[in-house]
Amino acid sequence: MNASLLVSYLLFCVVMTCTPGPNNALVMLSGARFGISKTLPLVLGIAFGVAVQLFAIGIGLNQIFLTLPQLQFILGFIGFMYILWLAWKIASSGPLNIELEQKPSMSFLQGALFQWANPKAWIISISTVSTYFALNPPVSDIFYAALILMGVSIPCVGVWAIGGLFLRQYLMKPRFAWSFNITMAIALLAAVLPAALKLMNMYI
C-alpha cells in the first residue's frame, strides 16, 4: 500500500469508525450507564473484533460468501435479530441506579463477537478488501490493514464513551432516562438498517 493509498485508507477508517453506528451507540450507552473504565473492555473488544473480521475476510472468507451467498444472508439475518433484541433491552431499561449499576458493561469478548452481527462492520471489512487490495493480496498487507483499523477504532469509538459519561447524571431522572433509552434504541436500529440493506443487496 503506497503513501497516497495509506492516507486514503486512514481517512476511510476514521470516517467509518467515528460516524454513528451500532458500535458507537453501544459504547455511548455503556459510558453513560457504567462509566469509562468499565466501558474500556467493550471498546477494546470492538477494535479487536473489527480487525479479526477484516483479516478473515481478506484471507478468503469473502470468497466463501460469494460462492454461498445464502450463508451470508443467514448470518446477517441472525445478526439483525440479535440487534433487534438488543434494541429492545436498551429501550426497556430503567433509570440509572448507581448502586445497581456496579455490574460490568459488555465484556471484551462480547464486543469482539458483536462485530459478526454488525452489518456496518461487515461493510467496512468488505469495502476495505474490495477497494484497497488487489486480487489475492499478500497476507502481510491484510494483517497491517487490520492493525491500522484496530488502532484507529480505539480512539474513534472510545470518544463516544466520553459523550455518554456527560449524560450519566441525567440518567438517574426517570423521564430523561426513558427518553434517552428509547432514542438510543432507535438510533441503534437506524444505524444498522442502511448497512444491513446494503449488505443484503451485495449477496442477493
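The values are calculated or read from the model by the stated rules, or taken from the named source; none is laboratory data. All values derive from a computational prediction rather than experimental measurement. Quick reminder, even Gly has a Cβ in these numbers, built from the backbone with ideal geometry, and neighbours come from all protein chains shown.
Does Met150 count as at pLDDT 85 or above and either more than 13 Å from Ala25 (Cβ to Cβ) or of a type in the set (Gly, Ala, Ser) (or both)?
yes
Residues checked against (1) under 17 Å from Phe55 (Cβ atoms); (2) at pLDDT 80 or above; (3) among the hydrophobic types (A, V, I, L, M, F, W, C):
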{"residue": "Gln115", "(1), (2), (3)": "yes, yes, no"}
{"residue": "Phe133", "(1), (2), (3)": "yes, no, yes"}
{"residue": "Asn136", "(1), (2), (3)": "yes, no, no"}
{"residue": "Val139", "(1), (2), (3)": "yes, yes, yes"}
{"residue": "Gly164", "(1), (2), (3)": "no, yes, no"}
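Quick check: is even one residue across the range 169-176 under 23 Å from Tyr82 (Cβ atoms) and hydrophobic (A, V, I, L, M, F, W, C)?
No: zero hits.
Checking the structure you have, find out if any residue of the range 63-73 is of a type in the set (Val, Ile, Thr) and either modelled with pLDDT of 85 or more or outside any helix (DSSP H, G or I) (or both).
Keep residues of the range 63-73 that are of a type in the set (Val, Ile, Thr), which gives 64, 67.
Still in the running and either modelled with pLDDT of 85 or more or outside any helix (DSSP H, G or I) (or both): none.
No, the range 63-73 contains no residue that is of a type in the set (Val, Ile, Thr) and either modelled with pLDDT of 85 or more or outside any helix (DSSP H, G or I) (or both).
Taking Asn23 as the residue in question, decide whether it is part of a helix (DSSP H, G or I), within 17 Å of the chain's Cα centre (by Cα) and either more than 14 Å from Gly158 (Cα to Cα) or modelled with pLDDT of 80 or more (or both).
yes
How many residues does the range 130-149 hold that are within 14 Å of Leu61 (Cα to Cα) and β-branched (Val, Ile, Thr)?
2
Taking only pairs six or more apart or across chains, which ones have beta-carbon atoms under 6 Å, a first residue in the range 8-26 that is in contact (Cβ under 8 Å) with a residue 60 or more places away in the chain, and a second residue that is surrounded by fewer than 24 Cβ atoms within 10 Å (Cβ to Cβ) and outside any helix (DSSP H, G or I)?
From residues that are in contact (Cβ under 8 Å) with a residue 60 or more places away in the chain, there are no pairs.
Mind checking which pairs have a first residue in the range 67-96 that is closer than 25 Å to Thr183 by Cβ and a second that is modelled with pLDDT of 70 or more and loosely packed, with under 12 Cβ neighbours inside 10 Å, Cβ under 6 Å, 6 or more apart or different chains?
Cβ pairs passing all conditions: Pro95/Pro174.
Assuming Trp85 fulfils every condition listed in (1) over 21 Å from Met184 (Cα atoms); (2) out of contact with any helix residue (DSSP H, G or I) (no Cβ under 9 Å at 6 or more places or on another chain); (3) modelled with pLDDT of 70 or more apart from one, which condition is it?
Condition (1) is where Trp85 drops out.
Which is within 18 Å of Thr17 (Cα to Cα), assigned to a helix (DSSP H, G or I) and modelled with pLDDT of 75 or more, of Phe143, Phe48?
Going through Phe143, Phe48 in turn, the sole match is Phe48.
Looking only at residues in the range 106-139 that are outside any helix (DSSP H, G or I) and touching a Pro at 6+ places or on another chain (Cβ under 7 Å), which one is surrounded by the most Cβ atoms within 10 Å (Cβ to Cβ)? If you could, list the steps in order and put the result at the bottom.
Here is the first cut: in the range 106-139, the residues outside any helix (DSSP H, G or I) are 106-107, 118, 133-138.
After this cut, where a residue has to be touching a Pro at 6+ places or on another chain (Cβ under 7 Å) as well, the list is 107, 118.
Numbers: Ser107: 12, Asn118: 27.
Going through the qualifying residues, I end up with Asn118.
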